[in-house]
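Enquirer: Structure incoming, see below.
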Amino acid sequence: MPDPLDSAEFSQDPYPLLAALRERGPVQQVRTANGRTTWVVTGWAQARSAMADARLSKDTARYFAGRPSTRDLAPAVSRTMLATDPPDHGRLRKLAMQAFTPAAVARLEPRIREIAEGLADSLADGGSADLVEEFAVPLPIAVISELLGVPEHDRAAVRRWSDDLFSAADPDTVDRASHAISDYMTALIAARRDALDDDVLSALIAARDDEDRLTEPELVSLAVLLVVAGHETTANLIGNGMLALLDDDALLARLRADLSLLPAAVEEFLRHDSPLTLATFRYAREPLDLGGVRIAAGDVVLVSPGGANRDPARFPDPDAVRLDGPAGHLSFGHGPHHCLGAALARTEARIAFEVLLTRFPDMRPTADPGALNWRRTRLMRGLATLPVTLAP
């Protein structure tokens, strides 16, 4: 039978299914294409609890050990920091966190603005544009690539591999992309060892070579995770947020009149149309109760930030965009796996919206929102394109 979480309809609009599941209860079982079942958590309180519950493991290597599989994911992709538990997770997170502290992000802000203004200059050369292809994606890719020292001529390939990693339609495409990006980062690390620089990748190499705090596979895996996660969710945030803005003339006018509201708007865009529909894999180490159901040891649990962020028990009128609603969205997670790049994503998005709103006051969409195509993926929530006109 088809897997509802892997359907084209779910990629195009996941919210009807998530709402239907939540109406039956905040934690529900879904039968997947292989005949197995997965628990899906769509209630806000239950999702927040699950994200911080140590009984729900993210150690995929342990879960799949000894299980037959036809997949060929590269270990650098299948065993990232996101797929580890303490104490390894804490050790890896501490090494990566140095580049994403609020102070470190504040130092990056002038360069982020410079990149955003440069992309806006390129947009201004034409009367129309695709905001996803020409702005929302290139901005975070440029920022994370500079942080990691990925040469400009390689960034298109990195983006293509990253897109393929989240493809819900073809497992073989995902597997091939995992090896391609793993091989690329392995080669980049080898080249950087001969010419260390003032970038994050060089710092991680030093931690591996001088202090022995990373194994070589962990180094490659961490590099892959940073380059992929460092742009995927931010690109979706910018695209999804601009779509919401362009569909709401009153909110658009309000933000243009008062740019100080942008931080609050970014938080609401994160809640209203989360860049992450489903969080990555968890499984129960032991039996536990969650949301009124009994989850058995070994059961797979998928927490849905997209579903939890529209839980009416937490957010009144959850399908509307409101700057005065309650705080507490789960788009960056909660607990030990809270997104370490959250501060960077918020800063990039705030600058992106500010630049677009001030540079293009007459921007309008050229397609009906209901006719737009979304990326074919179960985890991420992002537009494939967002065509606009920039002037009357």
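Enquirer: For segment 4-389, build the charge dipole from Cβ charges (+1 Lys, Arg; -1 Asp, Glu) around the Cα centre, then report which of LEU139, ALA33, SER11 sits farthest towards its positive end.
Expert: The listed residue farthest towards the positive side: ALA33.
Enquirer: For segment 1-76, count the residues as N, evaluate 2.2 N^0.38 Å, and divide the Cα radius of gyration by that value, please.
Expert: On the way: Rg = 14.7 Å, N = 76, 2.2 N^0.38 = 11.4 Å.
This ratio for segment 1-76 stands at 1.29.
Enquirer: Rg (Å, one decimal) plus Dmax (Å, integer) for the alpha carbons of segment 196-333?
Expert: Looking at segment 196-333, its Cα Rg and Dmax stand at 19.9, 56 Å.
Enquirer: Taking segment 1-143 as the region of interest, what is the percent of Cα-Cα pairs per 5 angstrom bin, listed from the shortest bin to the one with the maximum distance?
Expert: Bin by bin from 0 Å, the calculated values are 2, 7, 9, 11, 13, 15, 16, 14, 8, 4, 1, 0.
Enquirer: Which Rg and Dmax, in Å, describe the Cα atoms of the chain?
Expert: So, for the chain, Rg and Dmax equal 20.6, 61 Å respectively.
Enquirer: Now for a different question. Quote the charge dipole size of the chain about the Cα centre in Debye, to the nearest 20; the model charges only the Cβ of Lys and Arg (+1) and of Asp and Glu (-1). Intermediate values should be presented prior to the final figure.
Expert: Details: 42 positive and 56 negative charges, 275 e Å.
So the dipole magnitude of the chain works out to roughly 1320 debye.
Enquirer: Please list the radius of gyration and Dmax for segment 61-150, considering alpha-carbon atoms only, with Å as the unit.
Expert: Here Rg and the maximum Cα pair distance are 19.0, 57 Å.
Enquirer: Would you calculate a helix-derived [θ] at 222 nm for the chain, using -39,500 (n - 2.57) for each DSSP H run of n ≥ 4 and dividing by the full residue count, to the nearest 500?
Expert: Details: 16 runs with 193 residues, N = 392.
Helices in the chain give a 222 nm mean residue ellipticity of -15500 deg cm²/dmol.
Enquirer: Once you charge only the Cβ atoms, +1 for Lys and Arg and -1 for Asp and Glu, what is the size of the charge dipole of segment 331-385 about its Cα centre, to the nearest 20 debye? Before the final figure, lay out each step's value.
Expert: On the way: 8 positive and 4 negative charges, 47 e Å.
It works out to roughly 220 debye.
Enquirer: Counting Lys +1, Arg +1, Asp -1, Glu -1, what net charge surrounds PHE360 among other residues with beta carbon under 13 Å of its beta carbon? Display every interim value, and only then the final one.
Expert: Numbers: positive: ARG256, ARG359, ARG364; negative: GLU117, ASP121, ASP125, GLU134, GLU354, ASP362.
Result for the neighbourhood of PHE360: -3.
Enquirer: Take the Cα coordinates of segment 284-392, assign each an equal point scatterer, and use the Debye formula without solvent to give log10 I(q)/I(0) at q = 0.14, 0.16 Å⁻¹.
Expert: Treating every Cα as an identical point scatterer, log10 I(q)/I(0) equals -0.89, -1.11.
Enquirer: What's the long-distance tail for segment 130-240, i.e. % of Cα pairs beyond 17 Å? It would help to have the intermediate numbers written out before the result.
Expert: Details: 3315 of 6105 pairs.
The share of Cα pairs beyond 17 Å in segment 130-240 comes to 54 percent.
Enquirer: Translational diffusion coefficient of segment 279-340 at 25 °C, 0.890 mPa s, Stokes-Einstein with Kirkwood Rh over Cα pairs, in µm²/s as a whole number. The partial results should precede the final answer.
Expert: On the way: Rh = 13.5 Å.
Estimated diffusion coefficient is 181 µm²/s.
A short reminder: the numbers here are calculations on the coordinates, not readings from a lab. On a predicted model such as this, the values are computed, not experimentally measured, just so you know. Using ideal geometry, Cβ is built from the backbone for each residue, glycine included, and neighbour counts are taken over all protein chains shown.
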